[in-house]
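This report concerns only the one structure given below.
The values are calculated or read from the model by the stated rules, or taken from the named source; none is laboratory data. Here the structure is a predicted model, which is why all the values come from computation and not from measurement. Cβ sites come from the backbone with ideal geometry, for glycine too, and all protein chains shown count toward neighbours.
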Amino acid sequence: MRYRYIFLFLTCKILFGQLSITGSLKPTGMFHISDQSRMDLPFRLAELKLGYTMGDFDFMLNSAVEYRWGGNNPVFDLREAYTVWFPNWGEVKFGKQIHAWGVVDGNNPTDNLNAYDYYFMFLPGTDRKVGSLSAAMTVYWGDWQLEGVIIPDHIPNRMPFDEPDFPFQIPIEPSKYEKIDNSLEYGVRLKTTLGETDIGISYFDGRDRSFSLLGVDTFNIIKIDPKFGYRATSVFGLNMVTFIDDITIRAEVGYFTTENDFQESWFRFFDTQAEYVQYVIQFEYRTVSSSTIGAQLISNHVLNAVGQTVDLVTMDLVAINTDNFVPGLGTPFAMIAEQSLSIVGQIVGVNAAYSLIENWSIDGSVSYFKGDDNPQNRFEQLEDFSHYQLQLTYSF
């Protein structure tokens, strides 16, 4: 009899919890500015978010359906599914999550817990991220906040291989990646407020999100077997938000150290080591009409780099230095160019939305990129990716 009462009590708790459901349908078309041809890239046709609150617990689910007009093959993506417990001293999360560290908009050198989805790298915030199974705990006391995150399995970036409409063509798609014996990753972050300034420091220890050439093995004299994988990388981060009248200043800097720690008896092992710094400074000015004008200065500076690699086109052995080293962790835009200013003349973005009737709207956006007539400049390569989007949105 006692178990019947316990079961009835739990059933009532579940039934009387608070359920929230939100979502949208977003058929979208992307078109080149140059010739108005349609771009055959995936977009999120539908999104659904579920939230269920019961006492001190929240249960969250975030899902999407990807679709591309040329493929006619929708793909379901469970982006997040996690539980949150709210004790009186903070919060605890467990499940597939997308974490949001950093303070600037989108280009965050201190936010390295989740991999990037390069198909959506031009979307804002967490929309460009890939969820990963993780556990997180945050403790609050006064003006201080301490957070720790553990990620048991390494998740790499989602790369757009063999995509003619994507701005960057990745020269080779590995058939396999070297196994990581210990892929546990972790991060800690401490935040506080000093006067009108928010300050945070962080540390992350994990592996690159983008793959690198680790070494080569030889099948015979002619055929070479390249070995691809993910270097061990750690990053110390510092970020700040402060205000001067109507101006908001946001800044982040990350100091990265990376090394190829795979110890294998290949024909040639590339003992790569490097240090580099990425930083972003963002300025925002609120006008009298309450609109906001902003700009970002993004920089990637390699302090030192040693090792060797192979040019897979010429098969020549090449020494790694500060000029040709490619970071595998950090903000993608810092890897596109050593230094760039996200303002009119480099990257221009315009968005507009018109509400038709309740829950329905038409959204349009334009992304325009301008290089400097140097074929090696990444922004010059991005010019062909200049595009506009038209989107019909139904929200519920």
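Could you tell me how many of the residues in the range 243-300 are of a type in the set (A, V, I, L, M, F, W, C) and under 23 Å from the mean Cα position of the chain (by Cα)?
We begin by selecting, within the range 243-300, every residue of a type in the set (A, V, I, L, M, F, W, C); these are 243-244, 247, 249, 251, 253, 256, 262, 266-267, 269-270, 274, 277, 280-281, 283, 288, 293, 295, 297-298.
The next check asks that each one be under 23 Å from the mean Cα position of the chain (by Cα); those that pass are 249, 251, 253, 256, 274, 277, 280-281, 283, 295, 297-298.
Going through the range 243-300 one residue at a time, the tally reaches 12.
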Going through E163, E252 one at a time, which residue ends up being of a type outside the set (V, I, T) and part of a loop (DSSP other than H, G, I, E, B)? E163
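Look through the range 30-51, keep the residues that are of a type in the set (G, A, S) and at pLDDT 95 or above, and return whichever of them is surrounded by the fewest Cβ atoms within 10 Å (Cβ to Cβ). Full working, then the answer.
Start the filter on the range 30-51 by keeping residues that are of a type in the set (G, A, S), which leaves 34, 37, 46, 51.
Then drop every residue that is not at pLDDT 95 or above, which leaves 46, 51.
Working: A46: 17, G51: 15.
Selected residue: G51.
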Residue count, the range 353-370, condition modelled with pLDDT under 85 and crowded, with 17+ Cβ neighbours inside 10 Å, comes to 3
Restricting to the range 211-254, and then to whatever is in contact with a Phe, Trp or Tyr (Cβ under 7 Å, 6 or more places away or on another chain) and surrounded by fewer than 17 Cβ atoms within 10 Å (Cβ to Cβ), can you tell me which residue is modelled with the highest pLDDT? F236
Restricting the range 180-228 to residues that are among the basic types (K, R) and in a loop (DSSP other than H, G, I, E, B), the one nearest to V318 (Cα to Cα) turns out to be K223
Can you give me the number of residues within the range 81-130 that are of a type in the set (F, W, Y) and either surrounded by 17 or more Cβ atoms within 10 Å (Cβ to Cβ) or closer than 28 Å to F166 by Cβ (or both)? 7
Among the candidates D316, D373, single out the residue that is at pLDDT 70 or above and not small (G, A, S). D316
Qualifying position, being among the aromatic types (F, W, Y), surrounded by fewer than 20 Cβ atoms within 10 Å (Cβ to Cβ) and in contact (Cβ under 8 Å) with a residue 60 or more places away in the chain, among F166, F161: F166
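Every residue, every condition in (1) under 22 Å from T28 (Cβ atoms); (2) modelled with pLDDT under 95; (3) of a type in the set (V, I, T), yes or no:
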position: T53; (1), (2), (3): no, no, yes
position: F94; (1), (2), (3): no, no, no
position: I98; (1), (2), (3): yes, no, yes
position: N108; (1), (2), (3): no, yes, no
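Just the residues that are farther than 21 Å from D153 by Cα and within 20 Å of the chain's Cα centre (by Cα), please, taken from the range 76-108. If you could, list the steps in order and put the result at the bottom.
The first filter runs over the range 76-108 and keeps only residues farther than 21 Å from D153 by Cα, leaving 76, 85-91, 102-108.
Across the range 76-108, the qualifying residues are F76, G102, V103, V104, D105, G106, N107, N108.
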